[in-house]
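Here the structure is laid out as structure tokens; the discussion comes afterwards.
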Amino acid sequence: MHDIHYLQDIKHEYSRITVIGDKGYLSASVQLDLFETSEIRLEVPYRLNQKDWKPTFPPFAKARKRVETLFSQMVDQFMLCRNYAKQLVGLFARIISKVSALTILQYINFINNKPIGRVKYALV
């Protein structure tokens, strides 16, 4: 299921917030529906070939890049998709352990004055 369908759940649980989405959320009707229903502002980066193109607000672009990088690291380096859990409790335990490992590696980089995002080489 595409993650745009989860916006239906968000609009009933939250109000007056800003949500940062990717280019899959460009639908003007979805953005208008969210704002009219719950005053949720959906910030989406424009594509370069769009008529109304404008640059992305830098703090939003930085936050999106950080989230995408973390997702990529969790999938590639920590093999989050392959977890082999037999029960839901086991899945939660494995996810918590992988997120904890990522956090520890980021902290090691932080105390060694290295970029926190380069967790692959934190222990070198």
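The values are calculated or read from the model by the stated rules, or taken from the named source; none is laboratory data. Fair warning: this is a prediction, and the values are worked out from it, not measured in the lab. Cβ: placed from backbone, ideal geometry, glycine included. Neighbour counts: every protein chain shown.
Tabulated data
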{"read-out": "Test: residue in segment 97-106 that is touching a helix residue (DSSP H, G or I) at 6+ places or on another chain (Cβ under 7 Å), aliphatic (A, V, I, L, M), in contact (Cβ under 8 Å) with a residue 40 or more places away in the chain and farther than 22 Å from Ile4 by Cα", "value": "no"}
{"read-out": "Lone unmet requirement of (1) of a type in the set (D, E, K, R); (2) farther than 30 Å from Tyr121 by Cβ; (3) over 17 Å from the mean Cα position of the chain (by Cα); (4) surrounded by 13 or more Cβ atoms within 10 Å (Cβ to Cβ) for Arg94", "value": "(2)"}
{"read-out": "Members of segment 68-96 found to be of a type in the set (D, E, K, R), within 27 Å of Asp22 (Cα to Cα) and in a helix (DSSP H, G or I), listed by number", "value": "Glu68, Asp76"}
{"read-out": "Residue match in segment 100-114 (condition: touching a Lys or Arg at 6+ places or on another chain (Cβ under 7 Å) and in a helix (DSSP H, G or I))", "value": "yes"}
{"read-out": "Index of the failed condition, Phe78 passing every other in (1) surrounded by 14 or more Cβ atoms within 10 Å (Cβ to Cβ); (2) farther than 28 Å from Val124 by Cβ; (3) of a type in the set (Phe, Trp, Tyr)", "value": "(2)"}
{"read-out": "Of residues in segment 42-64 being within 27 Å of Ser15 (Cβ to Cβ) and surrounded by fewer than 12 Cβ atoms within 10 Å (Cβ to Cβ), the one farthest from the chain's Cα centre (by Cα)", "value": "Asp52"}
{"read-out": "Checklist (1) in a loop (DSSP other than H, G, I, E, B); (2) surrounded by fewer than 13 Cβ atoms within 10 Å (Cβ to Cβ); (3) of a type outside the set (Asp, Glu) applied to Gln8, failing item", "value": "(1)"}
{"read-out": "Residue in segment 23-45 that is of a type in the set (Lys, Arg), assigned to a loop (DSSP other than H, G, I, E, B) and either in contact (Cβ under 8 Å) with a residue 12 or more places away in the chain or within 21 Å of Phe71 (Cα to Cα) (or both) present", "value": "no"}
{"read-out": "Among residues of segment 55-67, those that are assigned to a helix (DSSP H, G or I), out of contact with any Pro (no Cβ under 9 Å at 6 or more places or on another chain) and either of a type in the set (A, V, I, L, M, F, W, C) or touching a residue at least 40 places away in the same chain (Cβ under 8 Å) (or both), counted", "value": "3"}
{"read-out": "Residue match in segment 109-121 (condition: surrounded by 15 or more Cβ atoms within 10 Å (Cβ to Cβ) and modelled with pLDDT of 90 or more)", "value": "yes"}
